[in-house]
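Input: a single structure, listed below in structure tokens.
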Amino acid sequence: MLIDRLIKILPTKPIFAHCDIPCGIYDPHEMQMAAHTILRMVNLINEAKDDPHKVTRCIKVKEEHAQKVEHEVVTLWADYFKEEHLKDYPNLHDLVWKTLKLTGKVRQEVNLEAAQELLKNVQEIAEIFWKTKGMEPARIPSGYPTEGEIVSHS
């Protein structure tokens, strides 16, 4: 009863997490698909300059997927990567920071180079992720119109 009253009078703010357990289930696949989608949207925007409706739709999708990349990277950073991973991969902190900055840049701009760099960084994070799990990362063709790769494990 006391807790119920406190909840009613204290200011509250919803919080979100990948998992409150923690579940231990993480995978960099979603952030890679989102980064490929951003790259594809940039290409489609550049091709559809004379179709404002299509450009608007592509911009919306590009921004949504940039947010998805950001969410997935933050989840790995906050919930999965540990101090020992930073010792084994000293560039990880800087890589994550630069990747998060790029998610803002690709939301704000139609910038092919930034989209390509974001994908590259996300793939590098995926490689580190699989190595921390004791698995050998493998780059496989994505099969996407971006003609890029997905980092998985063998």
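The values are calculated or read from the model by the stated rules, or taken from the named source; none is laboratory data. Every value quoted in this text rests on a predicted model; they were computed, and no experiment measured them. When we count neighbours, we look across all protein chains shown, and the Cβ atoms used for this are built from the backbone with ideal geometry, even at glycine.
Quickly run through the stretch 66-89 and pick out the residues that are farther than 30 Å from residue 109 by Cα and outside any helix (DSSP H, G or I).
Of everything in the stretch 66-89, those that are farther than 30 Å from residue 109 by Cα and outside any helix (DSSP H, G or I) turn out to be 82, 89.
Out of (1) in contact with a Lys or Arg (Cβ under 6 Å, 6 or more places away or on another chain); (2) part of a helix (DSSP H, G or I), what's the single condition that is false for residue 146?
Answer for residue 146: the failing condition is (2).
For the stretch 132-147, which residues satisfy the criterion of being under 25 Å from residue 37 (Cβ atoms), in contact (Cβ under 8 Å) with a residue 24 or more places away in the chain and in contact with an Asp or Glu (Cβ under 9 Å, 6 or more places away or on another chain)?
142
Can you tell me how many residues within the stretch 124-143 are among the aliphatic types (A, V, I, L, M) and in a loop (DSSP other than H, G, I, E, B)?
So the count comes out to 1.
The conditions are (1) modelled with pLDDT of 95 or more; (2) farther than 15 Å from residue 32 by Cβ; (3) not polar (S, T, N, Q), and residue 102 fails exactly one of them. Which is it?
With (1) modelled with pLDDT of 95 or more; (2) farther than 15 Å from residue 32 by Cβ; (3) not polar (S, T, N, Q) applied to residue 102, the lone miss is (2).
Can you name the number of the only condition in (1) hydrophobic (A, V, I, L, M, F, W, C); (2) without any contact (Cβ under 8 Å) to a residue 40 or more places away in the chain; (3) touching an Asp or Glu at 6+ places or on another chain (Cβ under 7 Å) that residue 151 fails?
Result: residue 151 fails condition (2) only.
Anything in the stretch 30-43 that is surrounded by 19 or more Cβ atoms within 10 Å (Cβ to Cβ), of a type outside the set (A, V, I, L, M, F, W, C) and farther than 11 Å from residue 115 by Cβ? List them, or say none.
Initial filter on the stretch 30-43 (surrounded by 19 or more Cβ atoms within 10 Å (Cβ to Cβ)): 31-32, 34-42.
Restricting the remaining residues to those that are of a type outside the set (A, V, I, L, M, F, W, C) gives 32, 36-37, 40.
Result: 32, single match.
When residues of the stretch 90-112 are filtered for being more than 13 Å from the chain's Cα centre (by Cα) and either outside any helix (DSSP H, G or I) or within 18 Å of residue 125 (Cα to Cα) (or both), how many remain?
Qualifying residue count, the stretch 90-112: 8.
Any chance you could count how many residues in the stretch 44-82 are more than 18 Å from residue 29 (Cα to Cα), touching a residue at least 40 places away in the same chain (Cβ under 8 Å) and surrounded by 15 or more Cβ atoms within 10 Å (Cβ to Cβ)?
3
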